[in-house]
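Peer 1: Sharing a structure with you now.
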Amino acid sequence: MNAENGSADTRAQVVALAHELGFDLCRFAKAGTPEHAAEFRNWLDRGDAGEMNYLARNSDRRCDPRQILPDAKTVIVLALNYFQGARKTQPVVAGVSPAGVATGKIAAGTAATTGRIARYAWGGDYHNLIEKKLAVIDQFLRECGGRQKCYVDTGPMLERDHAATAGIGWHGKSTMLLNREFGTWFFLAEILTTLEFAPDTAQKNYCGRCTRCIDACPTGAITAPHQVDARRCISYLTIELKGSIPIELRRLIGDRIYGCDDCLDACPWNRFAKVSRETAFAMRPEVGAMKLRDYLGLDDDKFRQLFRNSPIKRTKRRGLLRNVCVALGNVGTADDLPALEKATADSEPIIAEHAQWAIDQIRGRAVA
């Protein structure tokens, strides 16, 4: 089967099946070298990937889909909207002390006590949900004679490049992919197949001279248009980084405990975002109601129970509680000190270290 001898009907069936499964977009690109492969290698060489060594280990495969699947002809790119509407809590300004509550700069009893989680991690683990959908399409393509590799951001592919080539969206200055209908709030998935389908065309870049995403980054991680130093990115610091968060960046993290949406929230295209039809991505009530200091009472079993089938389980208990300590150091009050003092004796040294830092920050504000 190839693009010239009758795969148009099969292509239409793939698109119809994708929509039936709940995907919002399904488009096609040739399985060629990603457009920004050279830039990706330069980014690695600069050290901007931080401790994400796995990116360098399989960089050759990321830059050539045919090293993943010999005879690959097409990348089928799928997008799934996860937007759950406006936040129900008021975000805390990074580095603002609890005195800001009294002056009205921070809404008492909202994000200052619960912490902020990136939208994509509010609900169930998208990997599990999307992988089941991909398996259905994979089976259909097998019946058509194809061999496939399916990925949900865990495979060695420069997925945003393939998505942009397929016309899912365009590269924003934050390096996030933008779509005129869904803004930035969508997951990507790819099916690499040996079947050849007619490719879609890329979209125009509609960012213009806008730099709101760059201006919004709390840590200055977007060092230039389309350039991100992951070592300063709050998503990297709170998820990918396994060790101690650099002291000079801790206050800039504010009340964020898992990821950061600031560059996404700032994008004007998100005013067109629609609420996802997928309810599995909604905030879990038991997580949304958690006060920051309550996280410090989680042992390993309670952590696994609370975040079962959640993207947040990726940080493990030690990573999340490390982040919680930093958030409390930024927005906590004297009421949080007992929980933090107990955390200084935690069996995980990284939690104990960050808990002591948080205590010092809260006490320092009290005498300032």
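The values are calculated or read from the model by the stated rules, or taken from the named source; none is laboratory data. Quick caveat: nothing in here was measured; it's all calculated off a predicted structure. No Cβ is skipped: glycine too gets one built from the backbone with ideal geometry, and neighbour counts run over all protein chains shown. Please note that ligands, DNA and RNA were not included when accessible areas were found on the heavy atoms of the full protein model with its side chains. Shrake-Rupley method; radii C 1.70, N 1.55, O 1.52, S 1.80 Å.
Peer 1: Checking the a/c ratio against 1.5 first, then a/b against b/c, what shape does the Cα gyration tensor give for the range 118-191?
Peer 2: Because a/c hits 1.5 or more and a/b fails to exceed b/c, the range 118-191 counts as oblate.
Peer 1: Can you order the peptides 47-59, 13-25 by their average number of other Cβ atoms within 10 Å per residue, highest first?
Peer 2: Put in order of decreasing packing, that is 13-25, 47-59.
Peer 1: In whole angstrom, how far apart do the alpha carbon centroids of the range 285-307 and the range 173-225 sit?
Peer 2: Measuring centre to centre over Cα atoms gives 33 Å.
Peer 1: A further question on this structure: List the cysteines in the chain whose Cβ has no other cysteine Cβ under 4.7 Å from it.
Peer 2: By the Cβ distance rule, which asks for a partner under 4.7 Å, the isolated cysteines are CYS26, CYS63, CYS144, CYS150, CYS207, CYS210, CYS217, CYS233, CYS260, CYS267, CYS325.
Peer 1: List the DSSP H helices in the chain whose Cα atoms stretch 24 Å or more along the helix axis and whose mean Kyte-Doolittle hydropathy is at least -0.5.
Peer 2: Span-like helices in the chain: 126-143, 349-367.
Peer 1: Here's something else I'd like to know. Can you give the direction-averaged projected area of the convex hull of the alpha-carbon atoms in the range 204-264, in nm²?
Peer 2: If you wrap the Cα atoms of the range 204-264 in a convex hull and average its projections, you get 4.6 nm².
Peer 1: Given Cβ point charges of +1 (Lys, Arg) and -1 (Asp, Glu) and nothing else, what value in debye, to the nearest 20, does the dipole of the chain about its Cα centre take?
Peer 2: About 580 debye.
Peer 1: Let me ask you something else. Can you tell me what percent of all Cα-Cα pairs in the range 1-67 are more than 13 Å apart?
Peer 2: That fraction is 73 percent.
Peer 1: Now, a different point. Probe radius 1.4 Å, ligands and nucleic acids ignored: give me the carbon and sulfur share of the accessible area of the range 1-81 as a rounded percent.
Peer 2: Using a 1.4 Å probe with all protein chains present, the range 1-81 comes out at 45 percent carbon and sulfur.
Peer 1: If you look at just the Cα atoms of the range 274-314, how large are its Rg and its Dmax in Å?
Peer 2: When restricted to Cα atoms, the range 274-314 yields Rg and Dmax of 12.0, 37 Å.
Peer 1: Now, a different point. For the range 240-368, divide the Cα radius of gyration by the Kirkwood radius and give the resulting Rg/Rh value with two decimals.
Peer 2: My calculation of the ratio gives 1.00.
Peer 1: Based on the mean of other beta carbon atoms within 10 Å per residue, what is the order of 236-246, 155-165, most packed first?
Peer 2: 155-165, 236-246
Peer 1: Accessible area per residue for the chain in Å², computed with a 1.4 Å probe and the full protein assembly in place, what is it?
Peer 2: Per-residue value: 45 Å².
Peer 1: Also, quick follow-up: Testing the spin-label approximation: label points 7 Å from Cα along Cα→Cβ at ARG147 and HIS19. State their distance in nm.
Peer 2: Placing both labels 7 Å beyond Cα along the Cβ direction yields 3.2 nm.
Peer 1: Please report, as a whole percent, how much of the solvent-accessible surface of the range 146-216 comes from carbon and sulfur atoms (probe radius 1.4 Å).
Peer 2: 47 percent
Peer 1: Using a 10 Å cut-off on Cβ atoms, rank the peptides 118-127, 319-328 from the highest mean neighbour count down.
Peer 2: 319-328, 118-127
Peer 1: Write down the Å³ per residue value for the convex hull defined by the alpha carbon atoms of the chain.
Peer 2: Taking the convex hull of the Cα positions in the chain, it is 137 Å³ per residue.
Peer 1: At a 1.4 Å probe radius, carbon and sulfur cover how many percent of the accessible area of the range 269-368?
Peer 2: Roughly 51 percent, rounded to a whole number.
Peer 1: Another question, then. Let a ≥ b ≥ c be the square roots of the eigenvalues of the Cα gyration tensor of the range 190-236; is it rounded (a/c under 1.5), or, if not, prolate (a/b larger than b/c) or oblate?
Peer 2: Verdict is oblate for the range 190-236.
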